[in-house]
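What follows draws every value from the coordinates through simple rules; no lab data is involved. Everything quoted here is computed from the prediction, not taken from an experiment. Positions of Cβ are generated from backbone atoms using ideal geometry, with glycine treated the same way; all protein chains shown enter the neighbour counts.
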Amino acid sequence: MRQAFLLLLVFYTLLLAACTRPLAGQAVAEYDFGPLFRAQGLDGSLLLYDETAGQFTAYNAARCRQRFLPASTFKIPNTLLALQTGALRDTADICRWDGTTRSIAAWNQDMPFARALRVSAVPCYQQLARRIGVAAYQQWLPKLGYPGMVVTPATLDTFWLDGDSRISQFEQIDFLRRLQAETLPIAKRHQQAVKQLLILRKTPTATLYGKTGWRFRSAGNPDNGWLVGWLARADGRRIFFALNAEPQNGQPADARFGPARQLIVEAALAEVMQ
């Protein structure tokens, strides 16, 4: 039993290492998206992957390899695992409000899990985590190739929000590429359902898919925000992205922080696709 555990640990460590760097032959080009960040009062990094060209474009490439708490970007694999394990029958299942009034008004009501993902309702996904359980996470996260999560009984409903879990921008894009292609070891109907929930904007020429994450400020940590996803154009071109950002100079997040992430990503995509 101990030998099997050690072999699994070695495998998972190798998988972690592999996911932090681009695949062989995939170039990483540097691009200065700094003005877009500074215009929003943010510091951070942005990683793009053009699937057709097979090329990464990075702003602050070293930081793109650093790992951060996934925050609510983890709702993507969390929803997939809930559907696959039966913790959710489908995304129309209702999350019942526990009666605790929270500062985000959209969370203070019953809602289907489809809406819970869209409004990033943390209490709903904490309920879901308790349904899934530690053993299922420890079994399925390595299968998904979603690295860096530290799940214990004590952290079961917080491990993506606080503690030792970490993921990099390269790792986020690796996971998203497999979700988009529907090659994860999850039933295709579940992958398709989750992809539909990630649509942020749709036009006749392109569809933007994405999920935000926000690790709220605490005594020892700044606000830290994500936007991960991909742009699918009608001509077949796809560009994946992972943005991670923090307010400049350790300041608290202001009203710009929420929308700024999508503004930066959309402006960056427009620049590279000219």
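Averaged over residues, the count of other Cβ atoms within 10 Å places the peptides 242-250, 130-138 in the sequence 242-250, 130-138, highest first.
Here the Karplus curve 6.51 cos²θ - 1.76 cosθ + 1.60, taken at θ = phi - 60°, turns the phi angles of the range 193-198 into couplings of 5, 5, 4, 5, 6, 8 Hz, with x standing for Gly and Pro.
For the range 169-274, what's the relative contact order in percent, using C-alpha pairs closer than 8 Å and at least 6 residues apart?
Numbers: 138 pairs, mean separation 21.7, N = 106.
Contact order relative to length: 20 percent.
Pairs of lysines in the chain whose Cα atoms sit within less than 18 Å of one another amount to 7, provided the residues are eight or more positions apart or on different chains.
In order along the range 266-271, phi translates into HN-Hα couplings of 5, 5, 5, 4, 4, 5 Hz, rounded to whole numbers, per the Karplus curve 6.51 cos²θ - 1.76 cosθ + 1.60 with θ = phi - 60° and x for Gly and Pro. Nearest 5 percent is fine: what portion of the DSSP beta bridges confined to the chain is antiparallel? Once the DSSP bridges in the chain are tallied, antiparallel ones form about 90 percent.
The HN-Hα couplings worked out from phi for the range 80-93 by the Karplus form 6.51 cos²θ - 1.76 cosθ + 1.60 (θ = phi - 60°) are 4, 5, 4, 5, 5, 8, x, 5, 10, 6, 6, 6, 7, 3 Hz, whole numbers, x standing for Gly and Pro.
For volume of the Cα convex hull per residue in Å³, computed directly from the structure shown, the correct entry in (1) 143; (2) 124; (3) 107 is (1).
Protection proxy ranking, highest mean first, for peptides 92-100, 255-263, 112-120: 112-120, 255-263, 92-100, where packing is the per-residue count of other beta-carbon atoms within 10 Å, averaged. In this structure the amide hydrogen of TRP214, modeled in the peptide plane, comes within under 5 Å of the amide hydrogens of SER72, THR73, TRP226, none closer than 5 places in sequence on its chain. Considering the dipole of the range 2-272 built from charges on the beta carbon (Lys and Arg +1, Asp and Glu -1) around the Cα centre, which of ALA105, PRO222, ALA129 is farthest to its positive end? Going by the Cα projections, it comes out as ALA129. Its relative contact order, with pairs defined as Cα atoms under 8 Å and 6+ residues apart, puts the chain at 22 percent.
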